[in-house]
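First comes the structure, then the notes that go with it.
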Amino acid sequence: MKLFFKEHLLLIVIQIIQFSVVMVIYWLDGYRHAGPALYSIMLGLFLLSGYLAYQYYSRRQYYRRLQEPLLSLDQAPIAEALEQLLRQQYRYYQQQLVTIQQQQQEHLTFMNQWVHQMKTPLSVIELTVQNVDEPEFASIREELERMSSGLNTILYMARLRTFEQDFHIRMISLSEVIREVVQDHKRLFIRNQVYPDVQIKDGDLWTESDQKWLFFMLSQLIINAVKYSTPTHHKVIISSSIQQNQAIIEVQDYGVGIPASDIKRVFEPFFTGENGRRFRESTGMGLYLTREASQRLNHRLEIESTIDVGTTVRIIFPSYQRKD
Amino acid sequence: MMQTILIVEDDHKIAELLQSYIVKYGYHVIVTTDFEHVLQQFQQEQPDLVLLDVNLPSYDGYYWCRQIRTHSICPVIFISARAGEMDQIMALENGADDYITKPFDYGIVMAKIRSHLRRAYGEYASKHEEIILHKEGLSLYPERLELHYNHQSVLLTKKEADIIESLIERHPRVASREALLEKLWDDQTYVDENTLNVNITRVRKKFLDLGLIDALETVRGIGYRLHVSWSKDTSL
């Protein structure tokens, strides 16, 4: 009853306001007879109570059930048994949930440790290979880089889950990040005979971001640009500039482009699309991770592509400072 | 006086590789084997710089770094597989001077060692001998950017010197285009095939200036080789 009254309180208040408004209008218009006025109000109230009564009686079971605690389904033994069962089920699922969460946590920790452990053997191979200056070893180095970038993707994937603890926002120079990432992928460029054309327009732009994630995002874009340029095109333009009062980093290639049917889905996890099937080693994770990170960092990501003309990806930063 | 570097790394392969590489640059290198008494060893050897792994048996690198810091201000560089921001902050807060993440490059390790030694002990603390590369009467002075032959000398640009250095080091094998490109590519300028071609032409001209004809041989599809055509008496 209480719940029912609460739910309909607003309706009652509005009705009363309506009555008074109507009365006041008639009164101001010069019609001043108390008898018919009261009568019409009585009539109105009567209809309202009729409606409410009907509502209440037709739904009283429902209201009563809602107000009663789950405990008392009924007093009959069969009802109690059912209730018992429901509780057990609930507890069982809760336990399942906890177990699975624990397992997942263990798995994550294991993956993390494993990836870090793999880095030592990688370092040993890397150092050994660096000592020998033969063409065959260049190929081993190439594979090493591939492994190490694969391991990094796993690490970033794991970090995405604990993003809130992992990131560290500060002012970052876009030109500096571009320079570092390009430098870091020096061998990738040379090996694929694709060369970066870095264009720092509109001065040195600084924006708030996380150094590590921005580095990762830009790396993914550059790796893609290089991958899809090879072997026919030899240039990738990486630029920073101001467009529509926003700072942007743009990575543009003249490669194969992305089919229109695929472009909407490139940010989905594990999506490799047409190009993924034609080129080797697409995991479908690079752009997904890039987008996830950009959303968390409050950057925007835009992609445009035309088949056989090329692809342009932009990271857009809503605020920036310019230091010359 | 040789400067001493202490390597504290539990993976002995990495430690050995690092050791043999750093020794080449004229440093005395000691590798720790007893990870229980790192501090004692530090005090015994009095190294000028320490390379310290974070994950060590018994105590971790942070602990040893703090211990070292109570006795010495010598530069400490951490080497670790963990690349997280927090790990780096931890390292620096525990008194480290720098941080290198695995897998790393010899070049980076060497550059960091040098820069920290310089910062800590000054430019001339180490008796640095000028590097000179010789090949059949041809002498390259990479630090002066000069090439000498038969009492004649020419001035080089940095890029030309880099190319000649690679050619001499690789001789009699071919220096691949990729390796040359990698060498020419530095922080500020990104080279492409054209840059390499232009510089190769210039190097040829420099050789000609010294009276060396056909000293630079093109190996199609692979790269370039130094062709020692000038010394008749000595074979390869």
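For A:Val236, list long-range residues whose amide hydrogen, built 1.01 Å from N in the peptide plane, is under 5 Å from its own amide hydrogen.
A:Tyr195, A:Asp197
Return one number: the angle in degrees, 0 to 90 and rounded to the nearest 10, between the long axis of the Cα atoms of helix A:135-161 and the longest principal axis of the Cα atoms of chain A.
The two axes meet at around 20 degrees.
Are any of the pairs A:Lys201/A:Lys235; A:Lys323/B:Lys159; B:Lys24/B:Lys112; A:Lys235/B:Lys159 more than 20 Å apart by Cα-Cα distance, and if so, which?
Pairs exceeding 20 Å: A:Lys323/B:Lys159; A:Lys235/B:Lys159.
May I ask you to list the trypsin sites (Lys or Arg not before Pro) in segment A:27-136 that are in a DSSP loop and have at most 11 other Cβ atoms within 10 Å of their Cβ?
Within segment A:27-136, the qualifying trypsin sites (Lys or Arg not before Pro) (loop, at most 11 other Cβ atoms within 10 Å) are A:Arg32.
Would you mind telling me which residue in A:Ala247, A:Ala138, A:Ala225 has the biggest mean-square fluctuation in a Gaussian network model of chain A, where springs connect alpha carbons within a distance under 10 angstrom?
In this elastic network of chain A, the residue with the biggest mean-square fluctuation among A:Ala247, A:Ala138, A:Ala225 is A:Ala138.
Starting from the Cα-Cα distance between A:Tyr62 and A:Gln183, subtract it from 0.36 nm times their residue separation and give me the gain in nm to one decimal.
The A:Tyr62-A:Gln183 span can extend by a further 36.6 nm.
Loop-only check: which chymotrypsin sites (Phe, Trp or Tyr not before Pro) in segment B:52-114 are DSSP coil with at most 15 other Cβ within 10 angstrom? Present the calculation step by step, with values, prior to reporting the outcome.
Numbers: sites: B:Tyr59, B:Tyr62, B:Tyr63, B:Trp64, B:Phe78, B:Tyr99, B:Phe104, B:Tyr106; in loops: B:Tyr59, B:Phe104.
In loop regions of segment B:52-114 (DSSP not H, G, I, E or B), the sparsely surrounded chymotrypsin sites (Phe, Trp or Tyr not before Pro) are B:Tyr59.
Using Cα-Cα distances under 8 Å and only pairs 6 or more residues apart, what relative contact order does chain B have, in percent?
On the way: 327 pairs, mean separation 28.0, N = 236.
Reported relative contact order: 12 percent.
Can you tell which of A:Trp114, A:Trp27, A:Trp213 shows the greatest fluctuation in a Gaussian network model of chain A with Cα springs below 10 Å?
Fluctuation is largest for A:Trp27.
Please enumerate, by chain and number, the lysines with C-alpha under 16 Å from the C-alpha of A:Lys264, excluding those fewer than 8 residues away in the same chain.
Excluding near neighbours in sequence, the set is empty.
Mind checking the angle between helix B:158-170 and chain B's longest principal axis? C-alpha axes, 0 to 90 degrees, to the nearest 10.
Roughly 90 degrees between the two axes.
Can you give me the long-range amide H partners of B:Val219? Hydrogens built in the peptide plane at 1.01 Å from N, cutoff under 5 Å, separation of 5 or more residues or another chain.
Residues meeting the criterion, in which the H sits 1.01 Å from N, are B:Tyr224, B:Arg225.
Assign one of three labels to segment A:1-133, namely rounded, prolate or oblate, based on the Cα gyration tensor with a ≥ b ≥ c the square roots of its eigenvalues; rounded applies when a/c is under 1.5, prolate when it is not and a/b is larger than b/c, and oblate otherwise.
Cα axes put segment A:1-133 in the oblate bin.
Using the Karplus curve 6.51 cos²θ - 1.76 cosθ + 1.60 with θ = phi - 60°, what ³J(HN,Hα) values do you get for each residue of segment A:188-199, in whole Hz, with x for Gly and Pro?
In residue order, the calculated couplings are 4, 4, 4, 4, 8, 6, 10, 10, x, 10, 8, 10 Hz.
Apply the Karplus parameterisation 6.51 cos²θ - 1.76 cosθ + 1.60, with θ equal to phi minus 60°, to every residue of segment B:136-141 and state each ³J(HN,Hα) to the nearest whole Hz, in sequence, with x for glycine and proline.
Whole-Hz 3J(HN,Hα) from phi for segment B:136-141: 6, x, 8, 10, 10, 10.
Which whole-number percentage describes the relative contact order of chain A, with Cα contacts under 8 Å and a sequence gap of 6 or more? Present the calculation step by step, with values, prior to reporting the outcome.
Values: 351 pairs, mean separation 41.5, N = 324.
It comes to 13 percent, rounded to a whole number.
Could you tell me which of rounded, prolate or oblate describes segment B:4-121, using a ≥ b ≥ c as the square roots of the eigenvalues of the alpha-carbon gyration tensor, with rounded for a/c under 1.5 and, failing that, prolate when a/b is larger than b/c and oblate otherwise?
The shape class here is rounded.
Pop out the ³J(HN,Hα) list for segment A:7-24 in order, Karplus 6.51 cos²θ - 1.76 cosθ + 1.60 with θ = phi - 60°, rounded to Hz; leave Gly and Pro as x.
5, 9, 4, 4, 4, 5, 4, 5, 4, 5, 4, 4, 3, 5, 4, 4, 4, 4
Assuming 0.36 nm per residue, please report the length gained on full extension of the stretch B:Asp10 to B:Ile132 beyond their Cα-Cα distance. Mind showing how you got there, number by number?
Details: separation 122, 0.36 × 122 = 43.92 nm, distance 3.59 nm.
Result for the pair: 40.3 nm of gain on full extension.
Taking amide H positions as placed in the peptide plane 1.01 Å from N, state which residues far from B:Phe78 in sequence (5 or more) or on other chains have amide H under 5 Å from it.
Placed amide hydrogens put B:Leu52, B:Asp97, B:Asp98, B:Tyr99, B:Ile100 under 5 Å from B:Phe78.
Between A:Val21 and A:Gln89, what is the label-point separation in nm under the 7 Å Cα-to-beta-carbon projection?
4.8 nm
What do you get for GluC sites (Glu not before Pro) in segment A:276-310 restricted to DSSP loop and a cutoff of at most 13 other Cβ within 10 Å of the site's Cβ?
Listed in order of number, the matching sites are A:Glu281.
Every read-out reported here was derived from the displayed coordinates using simple, explicitly stated rules and does not represent laboratory data. Predicted model, so just to flag it, every value in this text is computed and none were measured. Please note: Cβ atoms are built from the backbone with ideal geometry, for glycine as well, and neighbour counts cover all protein chains shown.
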